[in-house]
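The values are calculated or read from the model by the stated rules, or taken from the named source; none is laboratory data. None of these values were measured; they are calculated from a predicted model. Virtual Cβ from ideal backbone geometry, glycine too; neighbours counted across all protein chains shown.
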Amino acid sequence: MTAKRDFLTLADVPAEAWPALWDRTWELERDRDHAHADRVRPFDRKTLALVFEKASTRTRVSFEVAATELGGASSYLSSDGSQLGRGEPVADTARVLASYCHAIVVRTFAQARVADFARHAAVPVINGLSDQHHPCQVATDLYTVRRHFGDLAGRTYAWIGDGNNMANSWIEAAGMFGLDLRLACPDGYLPDAGILQTARTAQRALGRGSITLTTEPREAAAGAHVISTDVWASMGQEAEAARRRAAFAGYCVDAALLAHAAPDGIVLHCLPAHRGEEITGDVLDGPRSLAWVQAANRLHVAKAVLEWVMQPRAA
C-alpha cells in the first residue's frame, strides 16, 4: 500500500532525506535553462491549487512557476475569491479541490487549518506558511547556507527578533540537524515552547547541537556564521506594529551588530523587509547579505518539494 506525502513542517521530510532533496534542488537550479522538451517531468499535465488566505509574493510566484516548469499548471484561490471567505468548511473545500487538482499549497493563519486541509484532501498538501511554521522558507534558507558554505555542520546560527513562525522552523531545523542556534527575542515574544522542547530532545538523541535563548542580540550574533531576521509585525499583527517597534528597539540587524558575527558570516532575510526597522538598508543590500540569492532559491526548493510530495510513500 502507498500513502500520500504532505509537507506541513520540516520534519515531514526525514532528516536523512534532506541532503538528497537539496542535491535535487541544485540539479533543478543548475538545469533550469537546459531542460529538454521531450523529458518526462514529474508534474506533467498536473495542476497545483494555491489556497492563500494571506498575501504573498515569493511563495505564490515560486510555486506557480515551479508547477509550470515541472510541466503542469496552477490555480490560485484567495479568501475573497473563494467560498472559504464565505464560511465554507475547510473539509468541504479540501475534498473538492482534491478532486480537481493533484496537490495543494495552503498559506493561512492557524497551523490546525493546514492540518485540516491535509486530513481531508486526498492529494498532498504543502504548508506555504502558517502562524506556527514556515517550512518552505527555512528549507530554502538551509539550502542557501549549504550552497554557500558547503555544509550545515560546524556553523553557528543566530536568529534576531520575533519568536515567530520563522524562529519556530529554525528551532525545528536545529533539532533535526543538530545545529548550534541562538535566538535573541524580547521578553513576551519568545518562540513556541513545545517546539523548543521537542528540538532539544532531538538534539540530545543526536548527541550534538544546542539552542540558546537570550534577550541580547549581540550575545546571539557573537561569532555567528548565519544571522537571520524577519519583520517585527507579521501579517495579522499590523495593529500591534507600534507596540512591537518599542519592544524590539535594539534588535535591528545593522553594521554594528554584524561586526560581532564571524568574519565570513552572512545575513539572511525572508522578505519583505522594513529597512531601518529589523534590518538596515546597508546590511540588507550589502556584500554579506544573501537575501536576494535566498529569495531566488525559493523557486528551486519549491520544485524539489513539489517533486517530493508527488512520490507516494509506503503506508
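Quick notes on this structure:
- Condition check for L268: under 30 Å from S74 (Cβ atoms), of a type outside the set (S, T, N, Q) and touching a residue at least 12 places away in the same chain (Cβ under 8 Å): yes
- Qualifying residue in the stretch 203-219 (condition: in contact with a helix residue (DSSP H, G or I) (Cβ under 6 Å, 6 or more places away or on another chain), hydrophobic (A, V, I, L, M, F, W, C) and over 19 Å from A291 (Cβ atoms)): yes
- Close pairs from the stretch 209-224: first at negative phi and in contact (Cβ under 8 Å) with a residue 60 or more places away in the chain, partner of a type in the set (G, A, S) and buried (at least 21 other Cβ atoms within 10 Å of the Cβ), Cβ under 8 Å, at least 6 apart: A220/A158; A220/A184; A221/A158; A221/A184; A221/A261; A224/A158; A224/A261
- Screening R275 on (1) touching a residue at least 12 places away in the same chain (Cβ under 8 Å); (2) in contact with a Leu (Cβ under 8 Å, 6 or more places away or on another chain) shows it passes everything except condition (1).
- Hey, A255 within 21 Å of G265 (Cβ to Cβ), crowded, with 23+ Cβ neighbours inside 10 Å, out of contact with any Leu (no Cβ under 6 Å at 6 or more places or on another chain) and in the same structural domain as R288 (by TED's automatic domain parsing) or not: no
- Tally, over the stretch 253-283, of residues that are more than 19 Å from the chain's Cα centre (by Cα) and either modelled with pLDDT under 95 or at positive phi (or both): 1
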